[in-house]
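Quick notes on the structure that follows.
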Amino acid sequence: SGKIIFLPEGNYTRTDFASMRRSENTGGDFAYFEYLKSELNHSLEAVKPDRVNVFHFTVHPGEFRGKRGEEPFSVIDRYLTEVIDPLVKSGKVRWSTFSDMADEFKAWEKSHQNMDPRACKSTSTLQSGMCTNNTGASEKNLQFGTSENTNSKGYITFVVNVHDFIHTDESAKTILKLISIFKKYKVRGDFYFTAPVTETYAKKHPEVIKNIKESHMTVSYHIRPPHPVYPGFAGKLKGLPQEKLIKILKDYETYRLDLKTGDLIKEERGGYSYVASAFGSRPVAIGVPAEDKNIKKAAMKVYAEM
């Protein structure tokens with residue numbers, strides 16, 4: 001409702017696409033333009049005839065090297081010739097300046113004052129929850145069944161990450177409230193518990209565990225510091241062979257974690273094993289945030305086996 005007009009870049013699947021071309025790890029220039037090609041196709045699939053649809057990217061010619069023996073700009077020329085020109089010729093794409101795009105949007109806005117300018121069909125569908133996307137991404141990925149395609153189904157996960165073992169009373173109250181809401185609407189929440197917070201509930205708020213079990217909510221598992229699989233806490237594991245890593249990590253998912261030292265208290269049960277025992281079922285989804293590839297591989301193997 002002001003003087004600013006925001007022109008989305010397009011239906012991109014990642015936010016760092018502009019910087020990826022500078023990294024050899026992502027394949028350099030040619031991989032970058034292949035990515036632009038796929039994202040342009042995604043954007044064309046998401047086009048809404050009753051909206052202003054825009055797509056753009058910025059190139060600095062000096063940043064492109066091209067293949068050995070080719071002109072530096074050949075990679076850009078190839079993309080424009082092989083990808084863009086046929087789309088322009090077929091009428092799927094037309095060239096436009098930013099100011100042209102902005103003018104077109106202003107004209108559209110004047111004649112569609114009661115419509116949302118994004119992917120939804122109207123403000124009513126936006127409010128009804130049929131279109132949950134407010135970034136201009138493809139409606140077909142997020143919409144939960146419309147008159148256009150009554151056979152389509154959408155899937156949503158209600159993820160609740162639980163790891164606050166300090167403000168236990170407030171935490172327990174929040175979880176019980178969420179269970180009540182999920183039950184009311186006949187859906188299942190996916191509650192990710194850490195072992196320490198599960199221990200705390202067992203001691204101070206056993207009603208949480210009881211309600212989770214009786215309401216058949218989904219129990220999942222994740223970890224937080226000082227668990228060694230968590231980024232920044234893996235010092236003692238780095239460089240160890242897979243066989244030894246697997247043995248150590250199995251212990252971390254079997255015995256209790258000392259939150260002060262990061263060591264294990266082998267006289268008490270803990271980790272994944274404890275959470276499974278407390279809820280009477282094995283957690284079905286597991287977060288594995290390890291940055292080290294070897295540690296992640298070992299952790300995945302341990303969790304799969306458990």
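Considering only residues of the stretch 164-174 that are open to solvent by 70 Å² or more (accessible area, probe 1.4 Å) and not in a helix (DSSP H, G or I), which is nearest to ILE212 (Cα to Cα)? Write out each step before concluding.
Within the stretch 164-174, the subset open to solvent by 70 Å² or more (accessible area, probe 1.4 Å) is 165-167, 169-170, 173-174.
Checking which are not in a helix (DSSP H, G or I) leaves us with 165-167.
On the way: PHE165: 17, ILE166: 20, HIS167: 19 Å.
Here the residue is PHE165.
Can you pull out the residues in the stretch 265-285 that are within 27 Å of the chain's Cα centre (by Cα), modelled with pLDDT of 95 or more and β-branched (Val, Ile, Thr)?
VAL275
Does the stretch 44-53 include one or more residues that are part of a helix (DSSP H, G or I), closer than 15 Å to GLY10 by Cα and at pLDDT 85 or above?
Yes, the stretch 44-53 contains at least one residue that is part of a helix (DSSP H, G or I), closer than 15 Å to GLY10 by Cα and at pLDDT 85 or above.
So which of LYS153, LYS186 is among the basic types (Lys, Arg), at pLDDT below 85 and out of contact with any strand residue (DSSP E or B) (no Cβ under 8 Å at 6 or more places or on another chain)?
Among LYS153, LYS186, only LYS153 is among the basic types (Lys, Arg), at pLDDT below 85 and out of contact with any strand residue (DSSP E or B) (no Cβ under 8 Å at 6 or more places or on another chain).
Taking the conditions exactly as written (open to solvent by 60 Å² or more (accessible area, probe 1.4 Å) and among the hydroxyl-bearing types (Ser, Thr, Tyr)), does TYR255 satisfy them or not?
yes
Go through (1) touching a residue at least 24 places away in the same chain (Cβ under 8 Å); (2) over 23 Å from VAL208 (Cα atoms) one by one and return the number of the condition GLU253 breaks.
Only one criterion is unmet by GLU253, namely (2).
Yes or no: VAL229 surrounded by 14 or more Cβ atoms within 10 Å (Cβ to Cβ), in contact (Cβ under 8 Å) with a residue 60 or more places away in the chain and under 22 Å from LYS260 (Cα atoms)?
Against the criterion (surrounded by 14 or more Cβ atoms within 10 Å (Cβ to Cβ), in contact (Cβ under 8 Å) with a residue 60 or more places away in the chain and under 22 Å from LYS260 (Cα atoms)), VAL229 qualifies.
Any residue at all in the stretch 56-64 that is at pLDDT 70 or above and under 30 Å from GLN113 (Cβ atoms)?
yes
Determine, yes or no, whether SER220 is among the polar types (S, T, N, Q) and free of Cβ contacts under 8 Å to residues at least 40 places away in the same chain.
Against the criterion (among the polar types (S, T, N, Q) and free of Cβ contacts under 8 Å to residues at least 40 places away in the same chain), SER220 does not qualify.
Residues to consider are ASP292, ASP258; find the one that is in contact with a strand residue (DSSP E or B) (Cβ under 9 Å, 6 or more places away or on another chain) and over 25 Å from ASP190 (Cβ atoms).
Selected residue: ASP258, the only one of ASP292, ASP258 that is in contact with a strand residue (DSSP E or B) (Cβ under 9 Å, 6 or more places away or on another chain) and over 25 Å from ASP190 (Cβ atoms).
Return yes when ARG282 is of a type in the set (D, E, K, R), within 30 Å of SER180 (Cα to Cα) and either surrounded by 19 or more Cβ atoms within 10 Å (Cβ to Cβ) or in contact with a Pro (Cβ under 6 Å, 6 or more places away or on another chain) (or both) and no when it is not.
no
Would you please name the residue that is least open to solvent (accessible area, probe 1.4 Å), looking only at residues in the stretch 232-252 that are under 27 Å from the mean Cα position of the chain (by Cα) and farther than 21 Å from GLU267 by Cβ?
Looking at residues that are under 27 Å from the mean Cα position of the chain (by Cα) and farther than 21 Å from GLU267 by Cβ, I get ALA234.
Filter the stretch 82-110 down to residues that are under 20 Å from TYR35 (Cα atoms) and open to solvent by less than 70 Å² (accessible area, probe 1.4 Å), then give me how many there are.
6
The values are calculated or read from the model by the stated rules, or taken from the named source; none is laboratory data. Just so it is clear, the structure is predicted and the values come from calculations on it, not from any experiment. Here Cβ is always computed from backbone atoms with ideal geometry, including for glycine, and neighbour counts include all displayed protein chains. We work out accessible area using only protein heavy atoms, side chains counted, and drop any ligands, DNA or RNA first. Shrake-Rupley method; radii C 1.70, N 1.55, O 1.52, S 1.80 Å.
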